[in-house]
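First the structure, in the form of structure tokens, and then the observations on it.
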Amino acid sequence: MISLNHYLLLSALLFCIGLFGILRRKNILMLFFSTEILLNAVNIGFVAIGSYLRDLNGEIFALFIIAIAAVEIAVGLGLVVIWYKKHHTLDISTLTSLKG
């Protein structure tokens, strides 16, 4: 039987993978993917705890996080497409040219 500890361990593992991806990657798309992994890890934790407590608040928070993640990806990918058309690279070190 899968217990709450299994879900929380999976959530912590996914969170660590996402955090490692954010800290180590230089590609903007990989940063977005790592952010999505982080948000999904938090969703798993919220839903697991909500299910354990027999409360709907975990699922409600998860729905809000999914909506925020969708908006983040939509706006972020639009900015990435514009950035790629202008600079022909997705390397994050080129973002320093945004400074005034």
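The values are calculated or read from the model by the stated rules, or taken from the named source; none is laboratory data. Please read these numbers as outputs of a predicted model, since none were measured by experiment. Cβ atoms come from the backbone with ideal geometry, glycine included; neighbour counts cover every protein chain shown. Just the protein is used for accessible areas: all its heavy atoms, side chains included, with ligands, DNA and RNA removed. Shrake-Rupley method; radii C 1.70, N 1.55, O 1.52, S 1.80 Å.
Out of ALA70, ALA41, ALA12, any idea which swings most in a Gaussian network model of the chain, alpha carbons joined below 10 Å?
Result for the chain, Cα springs under 10 Å: ALA70 fluctuates most.
How much area per residue is accessible in region 16-97 when the probe is 1.4 Å and only protein heavy atoms are counted (Å²)?
On the way: 5630 Å² over 82 residues.
Here the per-residue accessible area is 69 Å².
State, to one decimal in nm, how far the label point of ILE82 lies from the label point of PHE33, with both points 7 Å from Cα in the Cβ direction.
So the label points at ILE82 and PHE33 sit 2.5 nm apart.
Do any trypsin sites (Lys or Arg not before Pro) in the chain lie in a DSSP loop with no more than 13 other beta carbon atoms within 10 Å, and if so, which?
Numbers: sites: ARG24, ARG25, LYS26, ARG54, LYS85, LYS86, LYS99; in loops: ARG25, LYS26, ARG54, LYS99.
Taking the chain and a limit of 13 other Cβ atoms within 10 Å, the loop trypsin sites (Lys or Arg not before Pro) found are LYS26, ARG54, LYS99.
Counting C-alpha atoms alone, how compact is the chain: give Rg to one decimal and Dmax as a whole number, in angstrom.
16.7, 57
Karplus couplings for region 80-85 from phi (6.51 cos²θ - 1.76 cosθ + 1.60, θ = phi - 60°), rounded to Hz, Gly and Pro as x?
5, 4, 5, 4, 5, 5
Tell me the angle of helix 4-24 to the major Cα principal axis of the chain, expressed in degrees between 0 and 90 and rounded to the nearest ten.
10 degrees
Just SER51, SER11, SER34 to compare: in a GNM of the chain, with alpha carbon springs under 10 Å, which one fluctuates most?
Of the options given, SER51 has the highest mean-square fluctuation.
Would you mind computing, in nm to one decimal, how far apart the modelled labels at ARG25 and LEU95 are, each placed 7 Å from Cα along Cα→Cβ?
Between ARG25 and LEU95, the label points sit 1.1 nm apart.
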